[in-house]
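All remarks here apply to the structure that follows.
Coordinate-derived values only; no laboratory data. All values derive from a computational prediction rather than experimental measurement. Cβ placement follows ideal geometry from the backbone for every residue including glycine, while neighbour counts extend to all protein chains displayed.
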Amino acid sequence: MTTTLTSSAPSLGSSVEARRTGPSLPTLVGLEMRKSLSHRSGRAFAASAALLGPAGMALAATDAEFGWVAGPIGIVGSMTGLVLLALGVVSTAGEWTHRTVQTTFLLVPQRGRVLAAKSVAVAVLGAAFAAVSAGLSLAVIAAVGVADLNWDGTGQALVTAVGAGAAFAVIGAGVGAATANTPAALTSLYLLIMGVLPLVRAWNLELAQWLDPAEATMVLAQGDAEARSIAVLAGWVVVATVAGWVLTHSRPVD
Amino acid sequence: MITVSGLTKRYGDRTVVDDVSFTLEPGTVTGFLGPNGAGKTTTMRMMTGLVPPSAGSATVDGRPYGELPNPGAVVGTLLDASAVHPGRTGRTHLRLLATAIGVPAERADEVLAQVGLTDAARRRVGGYSLGMRQRLGIAGALLADPPVLMFDEPVNGLDPEGIRWMRDLLRGHAARGGTVLLSSHLLGEVEHTVDRLLVIGGGRIVADGSVASLLGADGAVVRAADASALGAALEAAGFHVEPGDDGALVVPGARPADIGAVAAAGGHVLLDLRPVQRGLEDLFFQLTTPEGTLS
């Protein structure tokens, strides 16, 4: 640490030109995207989201043959979405866990604006990383798949993977904002999707199909049960976002 | 100007801030003093909209903090130096704040130099000491060179050089027409920095006035070559004299000038003569202890 200390400039604000209004929504979205990728955990989630799918496809290729593109792309979209949940959670709950939410709300007191910017930011990042993941996975499948690979429905599978990436990230941001606690949000989300919903499936298949966002992503990518799958993903996005919105507005920053 | 009016915070049946009112004028440094748990931090959080008040209001230039168009350009706030993501570098942290406030990104480097953190700018905040985090928090508050500075316990973790630097910074800010609110639980940390003291205890403002008026002299201490002769002379002049430490004489209610006059008249050689300062602790006990319980 340097020991050179200097005092302030001669007259208040004369040397600094500050914006007179609050940040625009696009500025806030850009800021939130930078925040998400400004530390190692954020970059690790981003890299995992982009690379886990293709790595999984490459591993699977050692033991199985790919005959149809849309099927594995649906699985990749679902896996990537589960990773992107964490990116969303960290963008909101991480602020409360590290107490940085204090500075965030001091500079932008309109909590709804901050939350909206975070949701858009993680949706854009989620879609981008899901697109990279799906694109790389597609390349792996094309390289190791059977000679007469079935490309039917590939377009819908890719769109689903990218859309699910955005949706899962927004769901994570909503649940993170609602819980204000990163470990609690991640534990409850993964326990619910990977632990409780499979049990529900064993007990009542139809109910599970209306609740499970990971399965909804897979079947939508494969062109099945489209309306139900979109409803399931949209339902998760709405419930998580509303819960995050309500609880963020009512919570004091102590 | 900052106006706080009847600010109150209750948690259930516990009142942590009770009808607090004051105004802060430009060109002054106000010390917000009280022991831990007195309600300083909660008051400052209500003033900045982080905690909703149960009653009362606080305004900055006539508007609630949350309705300022760009609050970071008007009020530079440091409430909790640990509220920084440990995985970001100091420079990245400040550049993110610069975007939110709407000042050029280069301001991050300028304020890092101003607080003496240039060499640590590219290190992750997780590796910073408490004093370095305080400096980083102050750097963030200075980004827009705002007219109001509000710091909660900023001296924690600072070394003596840092405390002196902070004093110069805040005095300089007030001299340029800025408004400063500085909280502390230790008078010694801020008594040479502030013009005015707001003393809070049990959630209520128990004193509000200049440092001199609240902690002014309450007698004098004198040491003389012949203490017993001077003591007799002072008694003869009508003063009550008490024995102090190390041969000193304590003269309650006397000004140093009064004692000097008696000593000069009698030709007494003085070794030391100074006013007795009341400490904040004494003042605090005096203000917060219910009458009748003092012994």
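Quick notes on this one:
- On Cα atoms only, tilt of B:130-142 relative to the major axis of chain B in degrees: 70
- Note on B:S228 and B:R164: their simple-model spin labels are 4.5 nm apart, each label 7 Å out from Cα toward Cβ.
- Between 0 and 90°, nearest 10: helix B:256-266 axis offset from chain B longest Cα axis: 20
- Here the stretch B:179-205 is scanned for amide nitrogen atoms under 14 Å from the site 7 Å beyond the Cα of B:R14 along Cα-to-Cβ, giving B:202-203.
- When the charge dipole of chain A is built from unit charges on Cβ atoms (+1 for Lys and Arg, -1 for Asp and Glu) and taken about the Cα centre, the candidate among A:L138, A:S38, A:W151 whose Cα reaches farthest toward its positive end is A:S38.
- At least 27 Å along the helix axis (C-alpha) and Kyte average at least 0.5, DSSP helices within chain A: A:40-60, A:70-97, A:111-144, A:154-179, A:226-250
- Net dipole in debye of chain A [+1 Lys, Arg Cβ; -1 Asp, Glu Cβ; about Cα centre; nearest 20]: 1260
- Ratio Rg/Rh, restricted to the protein assembly as shown and using Cα atoms, in which Rh is the Kirkwood radius: 1.16
- Taking Cα centre as origin and charging only the Cβ of basic (Lys, Arg, +1) and acidic (Asp, Glu, -1) residues, the dipole magnitude of the stretch A:19-164 rounds to 1220 debye.
- This model, with +1 at the C-beta of Lys and Arg and -1 at the C-beta of Asp and Glu, gives the protein assembly as shown a dipole about its Cα centre of some 1060 debye.
- Taking every DSSP bridge with both residues inside the protein assembly as shown, close to 60 percent are antiparallel.
- For the stretch A:165-233 and the stretch B:75-126, distance of Cα centres in Å: 38
- B:T23/A:L25 FRET efficiency (R0 35 Å; Cβ-Cβ; nearest 0.05): 0.50
- The stretch B:172-221-the stretch B:243-261 distance, computed between alpha-carbon centres (Å): 26
- Of the residues B:G260, B:A108, B:G27, the one whose Cα sits farthest towards the positive end of the charge dipole of chain B is B:A108 (charges of +1 on Lys and Arg Cβ, -1 on Asp and Glu Cβ, taken about the Cα centre).
- Between the beta carbons of B:A105 and B:A265, assuming R0 = 56 Å, the FRET efficiency works out to 0.20 to the nearest 0.05.
- Peptide B:76-87 - average C-beta neighbours from other chains (10 Å radius): 5
- Computed from Cα atoms, the angle from the helix B:160-175 axis to the main principal axis of chain B rounds to 80 degrees.
- Over chain A: helical MRE at 222 nm, DSSP H runs n ≥ 4 each giving -39500 (n - 2.57), nearest 500: -24000 deg cm²/dmol
- Antiparallel DSSP beta bridges within chain B, as percent of all bridges there, nearest 5: 65
- Residue among B:W165, B:L143, B:V250 farthest towards the positive dipole end of chain B, charges placed on Cβ: B:L143
- Separation in nanometres of the label points that stand 7 Å from Cα toward Cβ, at A:E206 and B:A55: 5.7
- Order by protection proxy (mean Cβ within 10 Å, highest first), peptides B:44-51, A:159-166: A:159-166, B:44-51
- Separation of the B:D272 and A:D148 label points, Cα + 7 Å toward Cβ, nm: 10.6
- Inter-chain Cβ neighbour average for residues B:56-67, partner chain, 10 Å: 1
- FRET efficiency for the pair A:A227 and A:M194, taken as 1/(1 + (r/R0)^6) with r the Cβ-Cβ distance and R0 = 35 Å, rounds to 0.90.
- Shielding by partners for peptide B:68-75, expressed as the average number of C-beta atoms from other protein chains within 10 Å of each residue's C-beta, is 5.
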